[in-house]
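The values are calculated or read from the model by the stated rules, or taken from the named source; none is laboratory data. Remember, predicted model here, so these are calculated numbers, not experimental data. When we count neighbours, we look across all protein chains shown, and the Cβ atoms used for this are built from the backbone with ideal geometry, even at glycine.
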Amino acid sequence: MTTPTEPYVLNIGPQHPSTHGVFRIRVVMDGERIQDIDMIVGYLHRSMEKLAEERTYTQNIPFTDRADYLAAMSGNLGLCLAAERLARVEVPERASYLRVIFAELQRIASHAMANGTLVSDAGAWQTPLLYMFREREKILDLFEMTCGARLTTNYMRIGGVAFEPPPEFWPALLELVDELPERISEYEELLTQNEIFIARTRDIGVISPEDAINGSLVGPALRGSGVPWDLRKAEPYCIYDRMEFDVPIGRNGDVYDRFMVRLAETRESVKIIRQAVENIPDGSHKTDIPLALRPAPGEVYGRVEGPRGELGFYLVSDGGPAPYRFHIRAPSLINLSLLRELARGASLSDAVVTLGSIDIVVGEIDR
Amino acid sequence: MPSGPTQIDGGRVANALNRALPGIATTSTEEWVEVESSRLEEALRWLHDSEQFDAAQLSNLCAVDYHDHFTVVYHLQSFDLNQQIVLKVRVVDRDTPTVPSSYPVYKGALLQEREVFDLMGIHFEGHPDLRRLFLWDSFPGHPLRKDFLGIGEGLTSGLQRFPFENKEQPDRLLNRENIVEQGSQETPEGWSGVAST
């Protein structure tokens, strides 16, 4: 005889370590199993898209820092590329190289954070997270050295980058690049064969490639399901077409694969940075653009492969100084489209790990 | 010229759409194709299933307010062919703008349509769970509309001129001496990084 059960509602968040930010989930539970899940977002909504309509293109760059605050450089790059395409601005080669170096450093820092918190969600409380923060810290030091800020960098400009890195930047970068592969191996040894970690992540939160594509998943969440889609290869921007790197993909589409994809991607990023440092040409780090930049009427959808996937900027210009419409295609938000289907029937602890593996940044969800 | 490197000609999409589903595409340019809003789902399903376009993913969905009408913009992505289609739908009714939901074809529309509903006030017919996403239910109006609260008669939101611009001579900039020359980024004398009192 089975004991009759009754569903109950459990509230997680908005302030909870496992939600990675001010993000609230309302879960209907039947015993240990999730019957239904509802996400409540908007606690961090700052109406960026509306505010952007009253600011010039350059004044909008700081918004991209604060949208995805763990990958400010990628946000800067996305907006600048879109605005440059809209205003037909050419970028000097050196600036493109600098942009790639910083975007890839940002990717490593962001993946370190994503994987660190994922492992933390899986039960390895804090130790691996702090290990991964060690490298992130060094990367943020490099950012600070160059543009004075660690998180909200506001480094890139339409037509290039704001500053030339200081002389002490290059030796510090090379030292870090030499050190990183060793560190990544360390994490691989520590975690990828760990029985507990495998038990908590293998075959958990499985997303089939068909669902991943149809559910608009991008980035490591899509590649973890075995779809080799990376905008750096598919639609090379900056100088990615000159770089040699691989696109790691997963096989089963579970949490473990998404973790491994991120880990492998950090290796590829190190490769890209090394090539960029070797080949960076001399020259100017930005071109002069008219201070009163008024792109011709038109629209553009510029996108970059951010750490969380396709980060798009849909800009509409009416010929004025500010964008007529400024829309950020936020991968963090859209990657959650399948959350309900993934969570149904799963246990709560698995759902938390799945959410961690999708890697959300609430600043970008809410904007 | 299409504005994205892998974006395909809207005219090509319009021709193919009209051949398969007569009269569905109303306008097209090199960048985008506009379809009749009542037949949106049909168009999306055809593009999704066709081998020629293989629009596997709805990569972006957003809406633009053009004062007299709304445009809902769909960016469709094909992975196998590596090409992007920009599809638009025009909605004229400002009081209860309604567009068929693309959720039956693309599950990825779930949250994007909720976002557009919240901020632009466009209803998506057939959406399984159309609620506000960011703002609370009693929030007045839809902020991304150009006639949102606080904007007076005959005025629109948005920046009309640069902050440093001369009103009488819009092409001339004021305060030229404040513009920092490139390469002159030394710390000013006596500046310690702390604001002096």
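Here are the numbers:
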read-out: A:HIS16 within 25 Å of A:TYR256 (Cα to Cα), away from chain B (no Cβ under 14 Å), over 18 Å from the mean Cα position of the chain (by Cα) and of a type outside the set (Gly, Ala, Ser); value: yes
read-out: Residue pairs meeting the criteria (Cβ under 6 Å; at least 6 apart or on separate chains; first closer than 14 Å to A:ALA162 by Cα, in the range A:273-293; second part of a loop (DSSP other than H, G, I, E, B) and among the β-branched types (Val, Ile, Thr)); value: A:ILE289/A:VAL89; A:ILE289/A:ILE158
read-out: Among (1) under 23 Å from A:GLU299 (Cα atoms); (2) β-branched (Val, Ile, Thr); (3) within 14 Å of chain B (Cβ to nearest Cβ) - the single one A:ILE37 does not satisfy; value: (1)
read-out: Conditions (1) aliphatic (A, V, I, L, M); (2) modelled with pLDDT of 90 or more; (3) under 28 Å from B:LEU111 (Cα atoms); (4) surrounded by fewer than 23 Cβ atoms within 10 Å (Cβ to Cβ); number of the one not met by A:ALA234; value: (2)
read-out: Exclusive hit being under 24 Å from A:VAL119 (Cβ atoms) and in contact with a His (Cβ under 9 Å, 6 or more places away or on another chain), set A:LEU338, A:LEU348, A:LEU355; value: A:LEU355
read-out: Out of A:ALA95, A:ALA103, A:ALA82, A:ALA109, sole residue that is at pLDDT 90 or above, buried (at least 20 other Cβ atoms within 10 Å of the Cβ), hydrophobic (A, V, I, L, M, F, W, C) and touching a Ser or Thr at 6+ places or on another chain (Cβ under 7 Å); value: A:ALA103
read-out: Criterion: charged (D, E, K, R), loosely packed, with under 14 Cβ neighbours inside 10 Å, modelled with pLDDT under 90 and more than 19 Å from the chain's Cα centre (by Cα) - qualifying residue of B:ASP93, B:ASP137; value: B:ASP137
read-out: Residues within the range B:81-96 that are touching a helix residue (DSSP H, G or I) at 6+ places or on another chain (Cβ under 8 Å) and farther than 24 Å from B:ASP54 by Cβ, tallied; value: 2
read-out: Subset tally (residues that are surrounded by fewer than 15 Cβ atoms within 10 Å (Cβ to Cβ), away from every other protein chain (no Cβ under 14 Å) and either at pLDDT below 85 or more than 19 Å from B:TYR106 (Cβ to Cβ) (or both)) for the range B:21-42; value: 3
read-out: Checking A:TYR43 against (1) assigned to a loop (DSSP other than H, G, I, E, B); (2) away from chain B (no Cβ under 14 Å), the condition it does not meet; value: (2)
read-out: All positions within the range B:81-95 that are in contact with a Phe, Trp or Tyr (Cβ under 6 Å, 6 or more places away or on another chain) and away from chain A (no Cβ under 14 Å); value: B:VAL91
read-out: Subset of the range B:33-71 [of a type in the set (A, V, I, L, M) and in contact with a helix residue (DSSP H, G or I) (Cβ under 7 Å, 6 or more places away or on another chain)]; value: B:VAL33, B:VAL35, B:ALA43, B:ALA55, B:ALA56, B:LEU58, B:LEU61, B:ALA63
read-out: Which numbered condition B:ASP65 misses (of (1) away from chain A (no Cβ under 14 Å); (2) closer than 17 Å to B:VAL116 by Cβ); value: (1)
read-out: Pairs where the first residue, in the range A:166-193, is under 22 Å from A:GLY116 (Cβ atoms) and the second is of a type in the set (Ser, Thr, Tyr), C-beta under 8 Å, 6+ apart; value: A:LEU180/A:THR266; A:ILE184/A:THR266; A:GLU186/A:TYR131; A:TYR187/A:TYR131; A:LEU190/A:TYR131
read-out: Flag if A:MET156 is surrounded by 24 or more Cβ atoms within 10 Å (Cβ to Cβ), under 15 Å from A:LEU70 (Cα atoms) and aliphatic (A, V, I, L, M); value: no
read-out: Residue ranges of helices (runs of 4 or more DSSP H) in the range A:194-236 with at least 3 members away from every other protein chain (no Cβ under 11 Å), in contact (Cβ under 8 Å) with a residue 24 or more places away in the chain and more than 26 Å from A:PRO128 (Cβ to Cβ); value: none
read-out: Residue match in the range A:75-92 (condition: assigned to a loop (DSSP other than H, G, I, E, B) and under 18 Å from the mean Cα position of the chain (by Cα)); value: no
read-out: Residue count, the range A:118-141 (criterion: crowded, with 20+ Cβ neighbours inside 10 Å and farther than 18 Å from A:PRO181 by Cα); value: 5
read-out: Total residues in the range B:96-116, condition in contact with an Asp or Glu (Cβ under 8 Å, 6 or more places away or on another chain) and either away from chain A (no Cβ under 12 Å) or among the small types (Gly, Ala, Ser) (or both); value: 5
read-out: The listed residue being facing another protein chain (nearest Cβ under 8 Å), more than 24 Å from A:GLU210 (Cβ to Cβ), of a type outside the set (Phe, Trp, Tyr) and in a loop (DSSP other than H, G, I, E, B), out of B:LEU135, B:LEU130, B:LEU119; value: B:LEU135
read-out: Residue within the range A:156-176 that is β-branched (Val, Ile, Thr) and under 30 Å from A:PRO295 (Cα atoms) present; value: yes
